[in-house]
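The values are calculated or read from the model by the stated rules, or taken from the named source; none is laboratory data. In this text the structure is predicted, and so the values were computed from the model without any measurement. Heads up, the Cβs are rebuilt from the backbone with ideal geometry, glycines too, and the neighbour counts pull from every protein chain shown.
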Amino acid sequence: MSSSNTGDTVVNGVRLYYTRTGGKKPPVVLAHGFSDAGLCWTPVAQALEANYDLVMVDARGHGFSDAPETGYTLTEMASDLQGVIASLGLVRPAIIGHSMGGGTTLALAGLYPNVPGAIILEDAGALNDTDFPHRQEGGENPFMARLSRLQTKTRDELIAEMRASTEWPDAELEPWADAKLQFNLRAAQFHPTNGITWTELLPRITCPALLITADLDRGAIVRPKMAAAMQQAAQEAPRADASQQALTKAAGLLPPQQFEGLLADPGFRVAMSLADDANGRGSATAPSGGIVRGG
């Protein structure tokens, strides 16, 4: 990033850390995935910072934020993120969330519908208990096991291990490794379904929404059936202006790295444009032709 500043704010009794590019530009909040941190969004921030004020928040138990003993549910983390937005005085920001951050974003949009100007979800959806069979069977928490193993390694060892199995550049590997070492194992108790009733929350979402799915054979979470159900819910929900709602999907993106596809996706530009329009800001990035709903 060409320039950024850091800070923290206390929300729900938890000190939450953020990195911000700043400037008098439309705000965009970036919510990272499980065991990542705000700076894992650096490549995306670099691509957007010329036109947007990017705010990369470390979720509780992640990055430099505090790690309380409890509170690792989407409802509580949505409250955290809403509190950061309020503390910074952001007005109807677009919110982009990946995986856990996408679930947090989706929950926030339903719990606090007047807060986001638009939401963009990358491989995140309305998950339920059946998507996590190990929890139903009382098996070992795979999050805890994996992160405990990773934290026995040095930063250089983590980077080398991931470099051997991916094509990620060092600009993405380095913040990924830092995040794994910063991660507090208390956050491994994260439960993506506790306290969430999606059938009640989804109809409350009033802002433009874009869902981007990834390849299942590369570890994606959101399956076509779930994406279709979310799209149907979005189309049927009552809204003041239904023509300004988009819930689309695209395939082939690697979460959370390599977001070139996301940045080039017409739906992404539409959602960002609508977030600007909702605040009277306008945007030069929106494509012509209106909104296309993905099939």
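Condition check for Arg163 on (1) at pLDDT below 95; (2) within 22 Å of the chain's Cα centre (by Cα); (3) part of a helix (DSSP H, G or I): one failure, at (2).
Among the residues here, Asp123 qualifies as at pLDDT below 95, of a type in the set (D, E, K, R) and surrounded by 16 or more Cβ atoms within 10 Å (Cβ to Cβ). Taken together, the residues in the range 5-23 that are surrounded by fewer than 20 Cβ atoms within 10 Å (Cβ to Cβ), touching a residue at least 24 places away in the same chain (Cβ under 8 Å) and over 17 Å from Ala59 (Cα atoms) amount to 2. Apart from one condition, Trp168 fits all of (1) more than 18 Å from the chain's Cα centre (by Cα); (2) over 17 Å from Leu127 (Cβ atoms); (3) surrounded by fewer than 14 Cβ atoms within 10 Å (Cβ to Cβ); the exception is (3). The residues of the range 187-199 that are over 26 Å from Ala37 (Cα atoms) and at pLDDT below 85 amount to a single one, Thr199.
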